[in-house]
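Please read the structure below before turning to the comments.
The values are calculated or read from the model by the stated rules, or taken from the named source; none is laboratory data. For clarity, every value in this text was computed on a predicted model and none was experimentally measured. Cβ coordinates were reconstructed from backbone atoms using ideal geometry, including for glycine residues, and neighbour counts include every protein chain displayed. For the accessible areas, the whole protein counts, side chains as well, though only heavy atoms, and no ligand, DNA or RNA atoms are used. Shrake-Rupley method; radii C 1.70, N 1.55, O 1.52, S 1.80 Å.
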Amino acid sequence: MYALRLPHDPRAARVARMTVRAVLGGHGMRDVVDVVELLTSELVTNAYLHTAGPASLRLTGLGEGRLRVGVWDSHPYIPAPFGRQPEDRVPAVPVGADSGRGLRLVQELATAWGGWPFGDDLLGRRGAGKLLWFEVGGERCVSGAPVRSGWPLRATS
């Protein structure tokens, strides 16, 4: 398992990509580097664009060639396709749109995905953020529904 705290900085996605490439390359997982790097970059970029605080990245080897990547940020909203319902899908992006494809890529390229909102923090502030995660490797879920087993429900600091 590897964890990285990312500041609210436009360079955070680049740092996350470089970290993913180094970690996976060092563990002989070069066959999934490109997909993991792309999807990680999308989640970290969204964390930067849609929050005012830091983010955290965690890479967890699950065995049997499976890898889970989690990104925590300070905003509690869980976007599609990370919601709890299998029908929570990302709509098609209009032709010519400048953005809106990142979460669709997760839906299409990840083996599984999911998300958890965090309730109030220790200081009583509402919405302590969320954790979005995806997996690569192993067999894809038939419905695309998230697999929720084996992931601790806490963000990395």
| query | Pairs under 6 Å by beta carbon, first residue open to solvent by less than 40 Å² (accessible area, probe 1.4 Å) in region 14-29, partner of a type in the set (Asp, Glu) and part of a helix (DSSP H, G or I), six or more apart or different chains? | reply | Val20/Glu37
| Under the condition of being of a type in the set (Ser, Thr, Tyr) and either at pLDDT below 75 or in contact with an Asp or Glu (Cβ under 8 Å, 6 or more places away or on another chain) (or both), which residue from region 57-111 is least open to solvent (accessible area, probe 1.4 Å)? | Thr111
| Mind checking which pairs have a first residue in region 128-145 that is charged (D, E, K, R) and a second that is assigned to a loop (DSSP other than H, G, I, E, B) and modelled with pLDDT under 90, Cβ under 6 Å, 6 or more apart or different chains? | Lys130/Pro76; Lys130/Ile78
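Quickly run through region 30-47 and pick out the residues that are open to solvent by 60 Å² or more (accessible area, probe 1.4 Å), modelled with pLDDT under 95 and not acidic (Asp, Glu). Walk me through it before giving the result.
We begin by selecting, within region 30-47, every residue open to solvent by 60 Å² or more (accessible area, probe 1.4 Å); these are 30-31, 34, 38.
Subset that is modelled with pLDDT under 95: 30-31.
If the condition is that a residue be open to solvent by 60 Å² or more (accessible area, probe 1.4 Å), modelled with pLDDT under 95 and not acidic (Asp, Glu), then Arg30 is the only one that fits.
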